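Data first, discussion second: the structure below is written as structure tokens.
The values are calculated or read from the model by the stated rules, or taken from the named source; none is laboratory data. The structure presented is a predicted model; accordingly, all values stated were derived computationally and were not measured. No Cβ is skipped: glycine too gets one built from the backbone with ideal geometry, and neighbour counts run over all protein chains shown.
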Amino acid sequence: MGAPARHVVGAARAGSLWYVVVPVATFGLLTFVPFVHAAVRLGRPVLWLATAGFAAVAVALVVVSGQPDSAVPAVVQGVVFVAALGSMVGGAAVLSRLRREVYGIAPPVDPAVRRVLDARARRAESRGLVATDPLMARELGIGRPDLDGHYDDGGLVDVGSAPAETIAEVCDLTIEQAVAIVAVRDSVIAVEDLFAYVDLPVSAWDRIRDRAVLIR
């Protein structure tokens, strides 16, 4: 994500903090206000129902607070207090999620997950080059990590030209299985053909499909 994009996301996060601040700062009294905003922005009927519920709690809190303690039974005071506390805590919890939708804030992605997703995207891009321009794919060294090329293909291996040791490492196979692939690779026209020519464990098929390419 570039600096301008990070600035926009950061501004959106800062600008949406009032969604959480209002319920806490007003002890649930004005929780209905950000719900009105969210209901208008997202157009969901359930948010209008939630708005009505939080507004009812606010009215009850104002009415009870305006009465002498002796005029309001302790049970009623307790119920209103619990409702206000729920409006503050529960409302803030719900609004913390709603603000992401209203302001278009993507939830944070774990760095490990991000690396996997980025690698998948690189593999998809590289497969596109293999399909449309195999000559360029070979020049870039796609599927040949053993050649120490500078192009990041996301972790692919060309089963049509890479040595058995590299195929075994990338596809998580035994060296014997990789050698068997090398022995038949001139006879196949697609990665899927390997499953018919070589006795490979089914548990390895998805890994091979994900990492192997065949550049002709």
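So here's what we get for this one:
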read-out	value
Hey, ALA39 of a type in the set (A, V, I, L, M, F, W, C), modelled with pLDDT of 85 or more and either over 34 Å from the mean Cα position of the chain (by Cα) or assigned by TED's automatic domain parsing to the domain that holds ARG207 (or both) or not	no
Residue check, ALA84 crowded, with 18+ Cβ neighbours inside 10 Å, over 14 Å from VAL33 (Cβ atoms) and either touching an Asp or Glu at 6+ places or on another chain (Cβ under 8 Å) or not acidic (Asp, Glu) (or both)	yes
Residue tally, condition in contact with a helix residue (DSSP H, G or I) (Cβ under 6 Å, 6 or more places away or on another chain) and of a type in the set (D, E, K, R), over region 165-192	1
Any pair with Cβ under 6 angstrom, 6 or more apart, that starts in region 59-88 at a residue that is in the same structural domain as VAL20 (by TED's automatic domain parsing) and within 14 Å of PHE27 (Cβ to Cβ) and ends at one that is among the β-branched types (Val, Ile, Thr) and not in a helix (DSSP H, G or I)	VAL64/VAL72; SER87/THR31
Helices (runs of 4 or more DSSP H) contained entirely in region 44-158, each with at least 3 residues that are under 30 Å from PRO23 (Cβ atoms)	45-65, 74-102
